[in-house]
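Every read-out reported here was derived from the displayed coordinates using simple, explicitly stated rules and does not represent laboratory data. Not measured: the values here are computed from a predicted model. Quick reminder, even Gly has a Cβ in these numbers, built from the backbone with ideal geometry, and neighbours come from all protein chains shown.
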Amino acid sequence: MASALDVLAGGSMILWLGNVSAWWGLAIWFIGRLALWAALLRLVYYPKELKRVKHFGALAFFCFGLMFLMIFIDWAWAWRLLAAIFVLFPAAGFWLLPADDLQLSFVAKSYRRWLFLTGAFGLAGMWGGFFALFTFQIISRGWFWPMALLAAVAAAFLSRRWWRDYGLTVGRHLNEATAAMFIVSFEIAWALWQWPLGFIAAGLLTVWLWYIIWLMLRFHLTSEGIVWRKQTFFFVFNFILLALFFFIVSWR
């Protein structure tokens, strides 16, 4: 029932978003969407091991990222795709919630992956909107450095949180990995800013590279470390996809 209600609410919010034309309207829209999610999260059942605040935080960042990107998109098919993701993906999170404590072990892994993907979508939207601000010259190029630093802080913070969700303990190595993700995220953004890529492609590529590095650091922080032999297929597959990506994206 929560999933069905969220689909109806999400569809209504998307129709509303298409008619928003002022920044204060976006603020009201954003707060309204969060309020609807907060109400649903308060009403649905949660096992003690799962936290409503984590679910809400993932949805809030997801909503901010997609909203930030969608206000710049004028390609109808891309906007419709993001609208479908905005409506269906949060509903999937409510669907994955266990009905009782006995189902927790069965759904915990899928629910954790859903939280991660929710944040990844939000991160892609955040970076895409970030590049759009400069592509459309909404703000001057002089603002690139402070805004890129803030976006890199957000990427590093989320990286640390998801490492913690995968059971990694707080310590010197985790702090060093968080600092590394901050530096790498900033450098990726700076490098792609120099490329003649569209803002959607630049945002997707930023998160793609971020995910590969995040995953390798996650393995590195475990006691087993990175088993490079097992990662051969992963790297070959991503290399092929990246080659196809550069072949089909639009260059400005």
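Things worth noting here:
- Remark: region 1-87 carries a charge dipole of roughly 340 debye about the Cα centre, counting +1 on each Lys and Arg Cβ and -1 on each Asp and Glu Cβ.
- Secondary-structure-derived ellipticity at 222 nm for the chain, considering helices only, amounts to -26500 deg cm²/dmol, per-run term -39500 (n - 2.57) for DSSP H runs with n ≥ 4.
- Near the amide H of Leu197, within less than 5 Å, lie the amide hydrogens of Arg252, all on another chain or at least 5 residues away, with H placed in the peptide plane.
- In order along region 242-249, the phi-based Karplus estimate (6.51 cos²θ - 1.76 cosθ + 1.60, θ = phi - 60°) of 3J(HN,Hα) comes to 5, 4, 5, 4, 5, 6, 9, 6 Hz; Gly and Pro are listed as x.
- Karplus (6.51, -1.76, 1.60) ³J(HN,Hα), θ = phi - 60°, over region 215-221, in Hz, Gly and Pro reported as x: 5, 5, 5, 4, 5, 4, 7
- Correct option for Rg/Rh (Cα atoms, Kirkwood Rh) [calculated from the coordinates] among (1) 0.97; (2) 1.04; (3) 1.11: (1)
- Order of Val249, Val170, Val207 - criterion: other Cβ atoms within 10 Å of each residue's Cβ, fewest first: Val170, Val249, Val207
- Here's the picture: charge each Lys and Arg Cβ at +1 and each Asp and Glu Cβ at -1 in the chain, and of Pro90, Leu192, His55 the one pushed furthest to the positive end of that dipole is His55.
- Set of lysines near Lys230 by C-alpha distance (under 17 Å), chain-local residues within fewer than 8 positions excluded: none
- Assuming charge only on the beta carbon of Lys and Arg (+1) and of Asp and Glu (-1), the dipole of region 125-194 about its Cα centre is about 120 debye to the nearest 20.
- Residue-wise HN-Hα coupling along region 189-205, computed from phi with Karplus coefficients 6.51, -1.76, 1.60 (Hz; x: Gly, Pro): 4, 5, 5, 5, 4, 7, 7, x, 8, x, 5, 5, 4, 5, x, 5, 5
- Look at Leu66, Leu221, Leu26 and count the other Cβ atoms within 10 Å of each Cβ; fewest to most, that gives Leu26, Leu221, Leu66.
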